1. If the Cβ limit is 7 Å and pairs must be 6+ apart or interchain, which residue in segment 60-72 that is more than 17 Å from L31 (Cβ to Cβ) and in contact (Cβ under 8 Å) with a residue 24 or more places away in the chain pairs with which residue that is among the small types (G, A, S) and surrounded by 14 or more Cβ atoms within 10 Å (Cβ to Cβ)?
2. Given the conditions (1) in a helix (DSSP H, G or I); (2) at pLDDT below 90, and given that Q44 satisfies all but one, which numbered condition is not satisfied?
3. Could you check segment 65-82 and list, in sequence order, the residues that are under 15 Å from Y155 (Cβ atoms) and surrounded by 17 or more Cβ atoms within 10 Å (Cβ to Cβ)?
4. Could you tell me whether any residue of segment 2-13 is touching a helix residue (DSSP H, G or I) at 6+ places or on another chain (Cβ under 6 Å), of a type in the set (F, W, Y) and at pLDDT below 95?
5. Which fully enclosed strands (runs of 3 or more DSSP E) of segment 62-160 have 3 or more residues being closer than 29 Å to S22 by Cα?
Amino acid sequence: MYIDIDIDIDNFKQFNDTYGFSNGDIMITFLADILKELKKTTVQNINLGHIGGDDFILILHSHITVEFLNSICDNFDTRKTDLFSEKDVIDKKYQAVNREGQIKTYPLTTISLAAFSNTNFIKTISPRELGHYAAELKSKVKKENFLRGKSGFIYERRIH
């Protein structure tokens, strides 16, 4: 059995466009550092991968807990404030241009985690299908994160 945790930085393009690519690189690096620290401090066998851009993956070869997932989110939310202006941290939001070219208000950047096990599937599915499944789960989390202004996760346990 293994657990797949897909991790994505929410509204990363807007953060990058507002705060600059060098700060975007810093955010990606500090998320990677959080995940590397987790790998070192946990007793679990964890494989860490950088899919590209602001996307990461953790593969665990044992079970996970809600506390484990919360610790990733809480660590990110605590440390991210160093990358925003004091005003934006106080306001808990910032303004950025969206993909349609309109100025929109965004909560401080969050991360979305989609966790599931290979035992969630009755039949073997392809890597492409796994990618689509993870993207659907992360999409749900991103919507909740936007409303709450906090990082979050889905730990899917249903069988498909």
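1. Qualifying pairs under 7 Å: I64/A115.
2. (1)
3. F68, L69, I72, C73
4. Yes, segment 2-13 contains a residue that is touching a helix residue (DSSP H, G or I) at 6+ places or on another chain (Cβ under 6 Å), of a type in the set (F, W, Y) and at pLDDT below 95.
5. Where strands (runs of 3 or more DSSP E) fall fully within segment 62-160 and carry at least 3 residues being closer than 29 Å to S22 by Cα, they are 93-97, 103-107, 111-117.
The values are calculated or read from the model by the stated rules, or taken from the named source; none is laboratory data. Worth saying up front: this structure is predicted, and the values here are computed from it rather than measured. Quick reminder, even Gly has a Cβ in these numbers, built from the backbone with ideal geometry, and neighbours come from all protein chains shown.
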